[in-house]
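For reference, the structure discussed in these notes is given below.
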Amino acid sequence: MKRILAAAALFAALLSSCNNAPKGAPEHKIAITAHRGYWLSGEANGAQNSIESLKAAQAIDVWGSEFDVQLTADDVMMVNHDETREGLLIWDNPWSEFEKMKLSDGERPSTLDEYLSQGEKDKCVLVCELKYQKTTERGNLLADLAVDALKRHNLFDPSRVIFISFSYEICKHLAGLAPGFTIQYLSGDKDPDTLIADGINGMDYYFSVFTEHPEWVARAHELGMSVNAWTVDRAEDIQSMIDVGVDCITTNYPLRTRELLGAKELRK
Ligand code: MG
C-alpha cells in the first residue's frame, strides 16, 4: 500500500512539475485597474469617476480603469458611484438636476456617452460597473442602454470593455446580452461553479474573500474564469493578492501596486 501511495505521490509531483511553467517562461501576470479612475492624481483633484480621472489612468498606462454607471429617472446614464448626488436620488430625478452640479476638479458629472468619448481614445480597458437600480427592469434597462452606448462608440468589444456588477440579475442579463465579454460579479457570496452555471464568467470580490477562499481562485482558473479583487490599497493586501494569484487588482493606488508587481504587471 505504501508503495502504491509513494508511486501516486511521485506521479502527482511529476504531473505538477509538467504543469508548472518552465524556467524562463512568463509567469502569471497581474493587471492593475484604477478604481473610479486615477482620481488621486493631481489632475483629477480627488474627483472620482471624472473624465480627468480616466485621462489620468490612461496616462499612467494601467491595464484598466473602473467607473460606475447610474440611470436617471429620464433614462440618462450618468457616471457616478453613489445612488445619490448632493442629496438627490439619481433614479428619482432627471438628468437636468445633475448636469448643473460640479465635481471637485471643476467638471460636471458626465453622461456615459461623454465618458466613453474619452475612453475610446486609449487602449486602457474600461471596467464598467452597472449599479443596482430600484427594480430588476430598471437594472436590465441600464444594461441594455449601456450596450447601445458602447456600440455607438465602437467599444462593444470584449478586448476594450469588461462588465462588473453587484447585481446578480444584471450580471445574468449581461451574460445573454454580451456573449464573449468578461462579466464579473462583485458581491462575493457565490462560488465559481455557481457563477459559471449561470453564465457569469468572472468574479471581482473584496480581497479578503480570496484570503478566506484561496481555493476559489484556483477553481475559477480551472473553469477558465477571470478573478479580480477590489479595492486593494494597503501594501500588505496588494502583496497577499499577488501571492494568491488573482488576475487583476483594483486599487486607488495604481502606482503603489505597480511598484509591488514589478515585472509581474500585465499591461495592455
Ligand atoms: Mg465601482
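The values are calculated or read from the model by the stated rules, or taken from the named source; none is laboratory data. Since the structure is predicted, the reported quantities are computational estimates derived from the model, not experimental observations. We place every Cβ from the backbone using ideal geometry, glycine too, and count neighbours over all the protein chains shown. What goes into the accessible areas is simple: the full protein's heavy atoms, side chains included, and nothing from ligands, DNA or RNA. Shrake-Rupley method; radii C 1.70, N 1.55, O 1.52, S 1.80 Å.
Look at residue 62 and say whether it is of a type in the set (A, V, I, L, M, F, W, C), touching a residue at least 24 places away in the same chain (Cβ under 8 Å) and either surrounded by fewer than 23 Cβ atoms within 10 Å (Cβ to Cβ) or in contact with a Pro (Cβ under 8 Å, 6 or more places away or on another chain) (or both).
So residue 62 fits the description; yes.
Taking only segment 74-87 into account, find how many residues are more than 16 Å from the ligand (Cβ to nearest atom) and either surrounded by 16 or more Cβ atoms within 10 Å (Cβ to Cβ) or modelled with pLDDT under 95 (or both).
Selection size over segment 74-87: 1.
Can you find a residue that is at pLDDT 95 or above, closer than 23 Å to residue 176 by Cα and surrounded by fewer than 18 Cβ atoms within 10 Å (Cβ to Cβ) anywhere in segment 93-108?
There is no residue in segment 93-108 that is at pLDDT 95 or above, closer than 23 Å to residue 176 by Cα and surrounded by fewer than 18 Cβ atoms within 10 Å (Cβ to Cβ).
Would you say residue 199 is in contact with a strand residue (DSSP E or B) (Cβ under 9 Å, 6 or more places away or on another chain) and on the phi > 0 side of the Ramachandran plot?
For residue 199, the condition - in contact with a strand residue (DSSP E or B) (Cβ under 9 Å, 6 or more places away or on another chain) and on the phi > 0 side of the Ramachandran plot - is met.
I'm checking my understanding of the structure. Among residues of segment 125-151 that are within 16 Å of the ligand (Cβ to nearest atom) and assigned to a loop (DSSP other than H, G, I, E, B), which one is surrounded by the fewest Cβ atoms within 10 Å (Cβ to Cβ)?
132
Evaluate the following for residue 183: is it open to solvent by less than 10 Å² (accessible area, probe 1.4 Å) and within 16 Å of the ligand (Cβ to nearest atom)?
For residue 183, the condition - open to solvent by less than 10 Å² (accessible area, probe 1.4 Å) and within 16 Å of the ligand (Cβ to nearest atom) - is met.
Name every residue in segment 230-268 that is surrounded by 13 or more Cβ atoms within 10 Å (Cβ to Cβ), over 22 Å from residue 218 (Cα atoms) and among the acidic types (Asp, Glu), in order of residue number.
Selection gives 233 alone.
So, residue 52, is that one charged (D, E, K, R), open to solvent by 50 Å² or more (accessible area, probe 1.4 Å) and without any contact (Cβ under 8 Å) to a residue 60 or more places away in the chain or not?
Yes: the conditions hold for residue 52.
Looking at segment 49-57, can you tell me whether even one residue there is more than 13 Å from residue 103 (Cβ to Cβ), hydrophobic (A, V, I, L, M, F, W, C), at pLDDT 95 or above and within 16 Å of the ligand (Cβ to nearest atom)?
Yes, because at least one residue in segment 49-57 is more than 13 Å from residue 103 (Cβ to Cβ), hydrophobic (A, V, I, L, M, F, W, C), at pLDDT 95 or above and within 16 Å of the ligand (Cβ to nearest atom).
Identify, please: which residue in segment 159-173 is buried (at least 19 other Cβ atoms within 10 Å of the Cβ) and within 15 Å of the ligand (Cβ to nearest atom) and is, among those, farthest from residue 249 (Cα to Cα)?
Looking at the filtered set, the residue picked out is 170.
Check residue 40 against each of (1) over 26 Å from residue 158 (Cβ atoms); (2) in a strand (DSSP E or B) and name the one condition it does not meet.
Looking at each condition in turn, residue 40 falls short on (2).
Which numbered condition in (1) at positive phi; (2) in a helix (DSSP H, G or I) is the only one that residue 117 fails?
(1)
Name every residue in segment 195-229 that is open to solvent by 60 Å² or more (accessible area, probe 1.4 Å) and within 16 Å of the ligand (Cβ to nearest atom), in order of residue number.
206
Among all residue pairs at least 6 apart or on different chains, which show Cβ distances below 9 Å where the first residue, located in segment 244-268, is free of Cβ contacts under 8 Å to residues at least 12 places away in the same chain and the second is open to solvent by 10 Å² or more (accessible area, probe 1.4 Å) and outside any loop (DSSP other than H, G, I, E, B)?
So the pair list comes out as 259/235.
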